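Structure, as structure tokens:
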Amino acid sequence: MKLAITIHRARLGSTEFKVIRPARPLVHAVLIDRDRWLDVFLDQDAAQRAGALWELAASSPRSLVHLPMRRNHAPTGQPSGDGERQLDLVLVHHSLQFAASRWKELRGRLDRGRPQTVTLPNAGESDEPGIDHEARHYSENRDLFHPHLHAETLFMTGSAAVFRDTAPHFRDVARNGPGHTLARPDDSHFCATLHANAGILGNAREMHLQYRDDWDSPSDGRPRLA
């Protein structure tokens, strides 16, 4: 799969950081903090590209992968509860040891970016090692997601293996969501979930990836989450 991205750079002190973003905005993608869990709503295009960015995070341990989406309009009829908020998403390899508290300053210093196209392996073609599920029983297990919240952004920090092994959830939504919605208009809910019992979330909350093809337009006047 070919993915169009922009590469942004900024310096904090003596260290230069690289931030990768999708070249085209993920217009129909929303991440909502529900307190006890996280909801991600995606159309087919956003699910395909978010999954590709998830894969890219696995092979880019020296970069932060930023998915701006907190200002997007939510799917049609999506209610907003007390205390719920929309967030951006940043994917970070644990070896970078980036402090989320520095994100707002880094984000404000990023340059305009340089366009680039990367080619990612097709599903099942990578020969990189996956998650060692036996290691989950040991305290030194690195194949876990650990979240941090700062500056209206959710940081998902993890290993290459855990990013690579969870990317297929997005492909599942992109591949099967549209057909399910078309075949079952009265029961159109289709989702894939990063489950708490999957042994990959560490102290992270469950993340529900839901396919939606009905979205509010920017000019419809509907209220948005703060």
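Starting from the residue with the highest accessible area, list Asp165, Asp143 in decreasing order, probe 1.4 Å. Show your work: numbers first, answer last.
Working: Asp165 65, Asp143 25 Å².
Ranked from most to least accessible, the order is Asp165, Asp143.
Starting from 0.36 nm per residue, how many nanometres of slack lie between Asp45 and Leu12 once their C-alpha separation is accounted for?
Here the answer is 8.5 nm.
Expected output is a single nm value to one decimal: the length gained when fully extending between Arg34 and Arg109, i.e. 0.36 nm times separation in residues minus the C-alpha distance. What is it?
Extra length available between Arg34 and Arg109 comes to 24.0 nm.
Give the calculated FRET efficiency between Ser101 and Ala23 to the nearest 0.05, with a Förster radius of 30 Å applied to their Cβ-Cβ distance.
On the way: r = 28 Å, r/R0 = 0.94.
My answer for the efficiency is 0.60.
Which of rounded, prolate or oblate describes the range 15-113 when judged by the alpha-carbon gyration tensor and an a/c cut-off of 1.5?
prolate
Using only the alpha-carbon atoms of the range 1-64, report the extent along each of the three principal axes, biggest first, to the nearest angstrom.
On the principal axes, the range 1-64 reaches 38, 33, 20 Å in Cα extent.
The values are calculated or read from the model by the stated rules, or taken from the named source; none is laboratory data. Quantities reported herein were computed from a predicted structural model and do not represent experimental measurements. When we count neighbours, we look across all protein chains shown, and the Cβ atoms used for this are built from the backbone with ideal geometry, even at glycine. SASA here: full protein model, heavy atoms, side chains in, ligands and nucleic acids out. Shrake-Rupley method; radii C 1.70, N 1.55, O 1.52, S 1.80 Å.
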